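Enquirer: I am attaching a structure below and will ask some questions about it afterwards.
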């Protein structure tokens, strides 16, 4: 943020008010639209410490004015400022502060720090007590400390206050278009042009009211989603120091402050960001990741607490402190289970509150998304500016001409101002939105709803789509496809063996020794827990256990909550000690000593007790359990995990000889495979089992088989992905799930071609993102295949000759650049490292880091393990490359990306629907096709309507200018016929043409300032001008022409020139409507639009009817005479009427040929000329640098809005060709 401090200049403020008053509010409007005017008059720059108000400019160039609020504080400085740099650990900032200077910007609080003389975010505050360790923060806050911190950090409440209706109405009405409409309506009322004024007024009122209702509805939804309060138990009290031995008291969550201790045992949703101090818990972070995977949280250690620093970028997911994520509790996430620590409570310490929390960041990203810079709307304003210049010239010319003709001053002003409303039609905004309105109506019929109508046109320019995975491309979670017992594993005729369901006889055949069972492994090797009569845990474990059909009991309670006597009283004699978890097969009843009898191996006595669980460890990629069967003396170890990890701890004799081939084929079929193994440990006492380390049991195992999962795609996913590929639409997966799962799903749905190689980053342990550390990329299918880290181009493993003196891989690899296509699968950690290096490195290293980031974005088809903030940043980075980005997701974790994208489509009606411009009730991605189709149709319609309205205004401007040349004009009914009968119905019906059924390869033009559009528009302007001038000249040179009588004090209408130009221009309005009604490839043909065909046919017939009636002799009564009197027309000879009709037909033919062939050909010729000119200049530059022996100039910065991704594609292609040439 760029912050500039100001104080109010009293004299300047008075002068500003006087200007607003004396100009009748015109200067107020100018200062509102151009805030720099008001700042220059009212403000005087000053120091930050003495500022009365601040001008804040963000990274997008948006400016906002915020007042500095000075409040009485009277508390200790330690609660406001971080410890001073260089101070001893645990030493807070000394002293007491009288007052604080605070301002809020977009719900972020800033406080002035006099030491560095700048404003600092309150969310970066750090307590000096954290440097000492947990012992210094476990006593709670005193009442005085809590009061002081609340004064600094504010309330723990995300209260999105909607604007009052009056403020919203002012914002809407004072938009430049509406101000111009109001001025035009007033002018027409003065000129007695009531009917059209009333029509435009009605359209404007309906538009404003609709916008107000929609805005209020969206703000109410946002407020309901963001606001959350609950009752919590907090440790408060004690002395007046920062902390004291307080008591646990009930408190509303909005009174929480950083440093508070709260008991989370009874919570369902975390109301703030916190760290776990005592106990452990399982939370559901689907709001962040989109994956309903329970995550275990443990108490923070002293070392992690000392390194805790909220000022670190990307806190708390910063790579510099990766262990913090295991202790951090995010606001808005759900509590699945909380277990107390030694003190009998599950205690967490508040770190951030309100909008500073993780959820608050998500809400702010929805409230203040990146501004959409769609060129169409910017160009529309620029073109209106050009029309305003034309209107100004016409105004001055008309005033001069009327003065020469002796027209009274009041008529001069009214007629000259009326000319401005002709050149800039007030109905232009309404007609430009007609296509969007019909598109929205069609989308609603398909259960797709939109809260941001302007984004419909933007959807027509999409060329990059980002998809969430779970719930968007796939069904929620994985499903068990079946198992492969070890005795049935083989590869025959190139296909894996058949997969068995749970009831298959193959499962009853155990691998040797007979005591081990694949079924028992699946039933026991997991970390599922019973919470409120329901199983919770990893979704894969849940699917696996549910697939077996077994039942689980935990802590001596069965599923009904009845305490089991076996676990409490009979477990020691049967299992050798207490067991935390027991499982039973389907149909097996409860077992006791009395029913066990003398046959413990009977099926009725089947019950397995889990003595100990070695939880899943990411670097080992496996978990294991110690199991005893009821009444048996042997202890078994079962393990499951990644096939490679399990294979490494199994006896080689038990593995199938083609183990690697089997895994390879399963992987390429899109399956997720988990291997199972076990071993009989013999007689092991319960106490000894408790002391066994996992290294004592996880070796020399017997391979039991494979468990095969499938992540089912939604039925329409593959078909829609294929259609988007056919339309050359770039598609990217952006998910919070594991990268290997994302790779599998991408290949399965066709998002990544099956023959493409996929490279994943190799993240070495201990990396910190220093300059000398590079990301290495490895083929996910071939660990020996790497990318060159300097160019991100593939190469084979280098020979010794390709290594430099330091042993680094040379950047000039061998003959491998003619390899098949490849893509990147980027993890969230790698993404953050690339961004860190691109933004922090300087000089040559910085340029190289930016180039690598751009190439990773270009080649990245899969982005996995992405947090909500990283998803939103990925969208913005893609937009920075010149892509028009669409995002499709279904979860709260997608809200930031949905809001940041040019077009966001939510497949959920929950939180995501508030952030997304579009919400689909259908939960498959077919809605993206519909949105793009309607967007392209609406964009083409908006261009057609804009060109139609622009040409209509210029046709009428030409007519009026020719008539004004001798103080004549059109009559009121003639204006009314043109504006209400000809223009409005045609403009409305033009938008009813539906979208084409298939997406075309090329996108529609998105800029008005383009060769094709400008060539067409200027060509038609010139053509209509020549046609009207020709008709005007023919009338005046006709033998029957009568010079009209001019009355300077009244409106002069009746003349041959008026009649001729009115009739000819009426044909021109209809003809350009037909010509601009564009059909294929993005819309259906005009003939499919029955309303437009009917309206055009009727208007052609009616205009021809008026033309025919005009040929009757003067003084004729009846229908012809009545029409001429009403329309104020003068009789013309039939021969001239035939000439007028022929001239209109010729205009139609030439305009049609121009639109179809002449103008596009001219645009292509201009483009070809510019290409040849640019190439000539490029070769001249290369030759000059070659002759002078100096290197070519550095790459010029890309202009704003340019297609940066095309330049990166060219650079990578040039690098590839150069390396191939060098290797050759």
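Rule-based calculations on the coordinates, nothing more; no lab input. Predicted, not measured: the structure shown is a model, and the values here were computed from it. All Cβ positions, even for glycine, are placed from backbone atoms using ideal geometry, and neighbour counts span all protein chains on display.
Enquirer: Find the eigenvalues of the gyration tensor of the Cα atoms of region 997-1082, then list the square roots of 5 times those eigenvalues as equivalent ellipsoid semi-axes, largest first, in whole angstrom.
Expert: Ellipsoid semi-axes (Å, largest first): 40, 13, 13.
Enquirer: Further, regarding this structure: I need the fraction of alpha carbon pairs in region 882-1015 separated by more than 17 Å, rounded to a whole percent.
Expert: 71 percent
Enquirer: For region 86-218, state the average projected area of the convex hull of the C-alpha atoms over all orientations, rounded to one decimal in nm².
Expert: The orientation-averaged projected area of the Cα hull of region 86-218 comes to 13.7 nm².
Enquirer: Which distance in Å, rounded to a whole number, links the C-alpha centroids of region 456-472 and region 633-688?
Expert: Answer, in whole Å: 42.
Enquirer: Something else about it: How far, in nm, would the chain grow between residue 1108 and residue 396 when pulled straight, counting 0.36 nm per residue and subtracting the alpha carbon separation?
Expert: Length difference between fully extended and current span is 252.6 nm.
Enquirer: If you don't mind, there's one more thing I want to ask. Which FRET efficiency, nearest 0.05, do residue 1142 and residue 1045 yield, Cβ-Cβ r, R0 25 Å?
Expert: Taking R0 as 25 Å, the efficiency between residue 1142 and residue 1045 is 0.25.
Enquirer: For the Cα atoms of the chain, what angle does the longest principal axis make with the long axis of helix 1204-1223, in degrees from 0 to 90, nearest 10?
Expert: 60 degrees
Enquirer: Next question, about the same structure. Going by C-beta contacts inside 10 Å, put 473, 1162, 21 in order with the fewest on the left.
Expert: Values: 473 27, 1162 17, 21 11.
Exposure proxy ranking, most exposed first: 21, 1162, 473.
Enquirer: Still on this structure, please answer the following. Rounded to the nearest 10 degrees, what's the angle between the helix 358-367 long axis and the longest principal axis of the chain, both from Cα atoms, 0 to 90?
Expert: The angle comes out at about 10 degrees.
Enquirer: Moving to a separate point now. Can you tell me what share of the DSSP beta bridges in the chain is antiparallel? A percent to the nearest 5 is fine. Intermediate results must be reported in sequence, preceding the final value.
Expert: Working: 120 of 146 bridges.
In the chain, approximately 80 percent of DSSP beta bridges are antiparallel ones.
Enquirer: Follow-up. Along its three principal axes, how long is region 1-45 when you only count alpha carbons? Whole Å, largest extent first please.
Expert: Cα spread of region 1-45 along its principal axes, largest to smallest: 35, 22, 8 Å.
Enquirer: Beyond 14 Å, how much of the Cα-Cα pair distribution for region 62-114 remains, as a whole percent?
Expert: 60 percent
Enquirer: Put a dot 7 Å past each Cα toward the Cβ at residue 718 and residue 69; how far apart are the dots in nm?
Expert: 5.8 nm
Enquirer: Quick check on packing: order 830-842, 441-453, 671-683 by the mean number of other C-beta atoms within 10 Å, highest mean leading.
Expert: Those peptides, ordered most packed to least, come out 671-683, 830-842, 441-453.
Enquirer: How big is the gap, in Å, between the Cα center of region 162-241 and the Cα center of region 1135-1168?
Expert: 46 Å
Enquirer: Work out, step by step, the length gained on full extension between residue 696 and residue 14: first 0.36 nm times the residue separation, then minus their alpha carbon distance; give nm to one decimal.
Expert: Extending this stretch completely gives an extra 237.1 nm.
Enquirer: Compute the angle between helix 539-548 and the longest alpha-carbon principal axis of the chain, please, reported from 0 to 90 degrees and rounded to the nearest 10.
Expert: So the helix axis and the longest Cα principal axis differ by about 60 degrees.
Enquirer: Could you tell me the largest-minus-smallest coordinate of the C-alpha atoms of region 347-496 on each of the three principal axes, in descending order and whole angstroms?
Expert: On the principal axes, region 347-496 reaches 109, 56, 27 Å in Cα extent.
Enquirer: Going by how many other beta carbons lie within 10 Å of each one, how would you line up 550, 1183, fewest first?
Expert: 1183, 550
Enquirer: Here's another thing I want to ask about it. Whole angstrom only: what separates the Cα centroid of region 365-384 from the Cα centroid of region 397-422?
Expert: Computed from Cα coordinates, the inter-centre distance equals 36 Å.
Enquirer: Something else now. Treating each Cα of the chain as an identical point scatterer and ignoring solvent, apply the Debye formula and state log10 I(q)/I(0) at q = 0.06, 0.07, 0.09 Å⁻¹.
Expert: Each listed q corresponds, in turn, to -0.68, -0.88, -1.25.
Enquirer: When every alpha-carbon pair in region 144-252 is counted, what percent end up more than 18 Å apart? It would help to have the intermediate numbers written out before the result.
Expert: Numbers: 4066 of 5886 pairs.
The proportion of pairs with Cα distances above 18 Å equals 69 percent.
Enquirer: Given labels modelled 7 Å from the Cα in the Cβ direction, how far is it in nm from residue 118 to residue 687?
Expert: A separation of 6.3 nm, rounded to one decimal place.
Enquirer: Still on this structure: For a quick check: sort 871, 714 by the number of other beta carbons within 10 angstrom, fewest at the front.
Expert: 714, 871
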